[in-house]
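The values are calculated or read from the model by the stated rules, or taken from the named source; none is laboratory data. Model, not experiment: these values are computed from the prediction. Every residue, glycine among them, receives a Cβ derived from its backbone with ideal geometry; neighbour counts consider all protein chains shown.
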4 protein chains.
Amino acid sequence: MSDSIDVGTEVNWLSTDDLETVRGRVPMVYVDAVPVRVDSTGEVTHIGLLLRAMPDGTISRALVTGRVLFGERIRHALLRHLEKDLGPIALPRLPANPTPFTVAEYFPDPSLSGYHDPRQHAVSLAYVVPIDGEPSPSPDALDLTWVTPKEAMSPEVIAEMTGGHDRLLRLALGHTGQLP
Amino acid sequence: MSDSIDVGTEVNWLSTDDLETVRGRVPMVYVDAVPVRVDSTGEVTHIGLLLRAMPDGTISRALVTGRVLFGERIRHALLRHLEKDLGPIALPRLPANPTPFTVAEYFPDPSLSGYHDPRQHAVSLAYVVPIDGEPSPSPDALDLTWVTPKEAMSPEVIAEMTGGHDRLLRLALGHTGQLP
Amino acid sequence: MSDSIDVGTEVNWLSTDDLETVRGRVPMVYVDAVPVRVDSTGEVTHIGLLLRAMPDGTISRALVTGRVLFGERIRHALLRHLEKDLGPIALPRLPANPTPFTVAEYFPDPSLSGYHDPRQHAVSLAYVVPIDGEPSPSPDALDLTWVTPKEAMSPEVIAEMTGGHDRLLRLALGHTGQLP
Amino acid sequence: MSDSIDVGTEVNWLSTDDLETVRGRVPMVYVDAVPVRVDSTGEVTHIGLLLRAMPDGTISRALVTGRVLFGERIRHALLRHLEKDLGPIALPRLPANPTPFTVAEYFPDPSLSGYHDPRQHAVSLAYVVPIDGEPSPSPDALDLTWVTPKEAMSPEVIAEMTGGHDRLLRLALGHTGQLP
């Protein structure tokens, strides 16, 4: 979960100090996106996983995720974070339906909900987003890999995900009817 | 709701007599599709409405609709009916999620559910489908018009829809958060 | 999937021969229900699994399932099958939302969709249904057991389910955010 | 949208000043609930509307709504606000599925999304909640009325709702398939 985009965004600018203060007082609004490749019938063939440094200090496989800014529509936040993480020509296909497939509640206490963020309480709206174009991982991600639904559920891939992202991925595959 | 596609489809062929017999005994499985144009954030800007002869004898504004054949996947039926009604280069974007936005229950008795089909009891899975390409109405449709969500809810357009398709359209717009 | 209810239902009566004929020509409409116990916050604590003879000849753990009759509303079919399988004082809480959490496509060919019914092509609308009362398994079921979400995902329980019901159960738990 | 509950809640206490500061910097997480009465098949028969003083200074028909506190699960926030607004024996039936039927984005600028809150940017997860018990309006509400879906869509009732609550109600009725 990166907040680097905020610095310098004039309207929504929050100093690091201010952000810390706010984070200790109210839940933060986030979006999570599961990038997928689909075939001509809409069926998911691959899931895109980033390799990146996580808030818990690990290097992990991760989904696209980020904060919704003050005054920002959820659709715009989703598009902004997808472009930030997958580059300008990824051509993400945002869903017509604004309802997330699940709501992930991240807490500093990992036992509360199964979703964990040591920095904050975040309420994250999670979406499955087909990618039509040519994604390239952003500089702050180390890699982007595409795996099949079956590979995504392998113990090896699950072991590389933290903070509950493996569970979020299972729920995304369940939502698309693709959970093996 | 057209069944013309069935005639001649070898594997799923049903004579008109057989189809009549079956229709009086069990509910038929159908799909309904609401074709839409979306902007880069996924928000619906226009809805596509066909003008066609309906089973109730009227010429009405209608959604894409049709029967699921024996042995056919729902995704394939949806794609087949979209191509039949909107042509081969409409490029429909089928949803990754197989769950319909609503289930329309059509009955010969119009008072039962608000959805009406004089020929049969049909259980129809309804989907919102973004159209990326260049649709052209099929020969058995008289016209294809694109209207805004606001126009779609105008008394004029609603008055031209029958069988409950106007209600299905309202539910589709509700699902996408676009109901005025 | 039991059809015994049909025999004797005057309006919807189908002879065994007729049913066989119809089954070979069109997909049948079914409903599946995952009976659950929920706590005061709505969170699933237990899932109810029937032990019964299945169409494939096995004795398996199974969900509530059955056919929608000609002229019957889906809600009424769901209630009828729940009462048939769980008794008259189970007090099932049908969802206000008619949208299923998934659509299971059962085919005679087990490789097509992951859902298998040797008798027919069935399109089944699947719902999670909280049970408030005191369920008792119907005479044609051998047993009814309540398991936790974690137990439901154990290899032992999964091994006792056939026809894709284990996958349907995983999707139900994903839908409720309870997939471990 | 009432925040009176926050005052005195030890763990989550925010002074009025702090709350004002935070509100100007990040979107707030809210929940909206549409209280309904359902029949034995789960179909919505009535919608509960509160009469209350709104943030925009009007006395209006309103849904149950409120803030999610730091460290609080969404289910608990939903239950807390339902009990606060409908009393301790309303017996709300929270959905097993954590996915809202829509996400309402309230902005100080009423033209941005159709949802308006002069005090803040709030992202609200909206749920339909069947009420089983005997609700009584809380002291800070003036009245609680139950209307049918048809009555809820009458121009009279719509004219008494502000901030986009009338639209939220239409979306809720669409979600339950009850939009007239």
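Could you grab me the full set of residues in the range C:116-130 that are of a type in the set (A, V, I, L, M) and touching a Phe, Trp or Tyr at 6+ places or on another chain (Cβ under 9 Å)?
C:A122, C:V123, C:L125, C:A126, C:V128, listed by residue number.
Select from the range D:112-121 the residues that are in contact with a helix residue (DSSP H, G or I) (Cβ under 9 Å, 6 or more places away or on another chain) and either assigned to a loop (DSSP other than H, G, I, E, B) or farther than 18 Å from D:A62 by Cβ (or both) and list them in ascending order.
Hits for the range D:112-121 are D:G114, D:R119, D:Q120, D:H121.
Here the range D:62-78 is the region considered, the condition is being basic (K, R) and surrounded by fewer than 23 Cβ atoms within 10 Å (Cβ to Cβ), and the residue that is nearest to the chain's Cα centre (by Cα) is D:R75. Among the residues of the range C:85-106, those that are under 21 Å from B:E105 (Cα atoms), free of Cβ contacts under 8 Å to residues at least 24 places away in the same chain and more than 15 Å from the chain's Cα centre (by Cα) comprise C:A96, C:N97, C:T99.
The residues in the range D:107-126 that are in contact (Cβ under 8 Å) with a residue 40 or more places away in the chain and of a type in the set (D, E, K, R) can be counted, and the count is 2.
Could you tell me how many of the residues in the range D:139-153 are among the hydrophobic types (A, V, I, L, M, F, W, C) and surrounded by fewer than 16 Cβ atoms within 10 Å (Cβ to Cβ)? Going through the range D:139-153 one residue at a time, the tally reaches 1.
The combined condition, being more than 8 Å from every other protein chain (Cβ to nearest Cβ), surrounded by 17 or more Cβ atoms within 10 Å (Cβ to Cβ), acidic (D, E) and not in a loop (DSSP other than H, G, I, E, B), is not fulfilled by C:E156.
Being in a strand (DSSP E or B), within 8 Å of another protein chain (Cβ to nearest Cβ), over 15 Å from A:H46 (Cα atoms) and modelled with pLDDT of 95 or more is a property that A:L125 has.
Considering the range B:129-180 alone, what residues qualify as being under 15 Å from B:T65 (Cβ atoms) and without any contact (Cβ under 8 Å) to a residue 24 or more places away in the chain?
Looking only at the range B:129-180, we keep the residues that are under 15 Å from B:T65 (Cβ atoms), and these are B:129, B:137-138, B:140-141, B:144, B:161-169, B:171-172.
Within the range B:129-180, B:D166 is the sole residue that qualifies.
Please go through the range B:26-44 and pick out each residue that is part of a loop (DSSP other than H, G, I, E, B) and surrounded by fewer than 20 Cβ atoms within 10 Å (Cβ to Cβ). Once the filter is applied, which keeps residues that are part of a loop (DSSP other than H, G, I, E, B) and surrounded by fewer than 20 Cβ atoms within 10 Å (Cβ to Cβ), the range B:26-44 yields B:D39, B:S40, B:T41, B:E43. The single condition among (1) within 12 Å of chain D (Cβ to nearest Cβ); (2) surrounded by fewer than 17 Cβ atoms within 10 Å (Cβ to Cβ); (3) under 26 Å from C:P180 (Cα atoms); (4) in contact with a Gly (Cβ under 9 Å, 6 or more places away or on another chain) that C:I131 does not meet is (2). Scan the range C:54-93 for residues that are part of a loop (DSSP other than H, G, I, E, B) and within 14 Å of another protein chain (Cβ to nearest Cβ) and the total you get is 11. Here the condition is being more than 17 Å from D:R52 (Cα to Cα), free of Cβ contacts under 8 Å to residues at least 60 places away in the same chain and of a type in the set (K, R); of D:R75, D:R80, it holds for D:R75 alone. Considering the range D:160-176, and only residues there that are surrounded by fewer than 24 Cβ atoms within 10 Å (Cβ to Cβ) and assigned to a loop (DSSP other than H, G, I, E, B), the residue that is nearest to the other protein chains (Cβ to nearest Cβ) turns out to be D:G164.
Filtering the range C:1-17 to residues that are closer than 27 Å to C:I59 by Cα and either hydroxyl-bearing (S, T, Y) or at pLDDT 50 or above (or both) leaves C:S2, C:S4, C:L14, C:S15, C:T16, C:D17.
Out of the range A:94-104, which residues are touching a Phe, Trp or Tyr at 6+ places or on another chain (Cβ under 6 Å) and more than 14 Å from chain B (Cβ to nearest Cβ)? Residue satisfying the conditions is A:A104 alone. Out of D:D143, D:D109, one residue alone is charged (D, E, K, R), over 16 Å from the mean Cα position of the chain (by Cα) and either within 18 Å of A:I74 (Cα to Cα) or assigned to a strand (DSSP E or B) (or both). It is D:D109.
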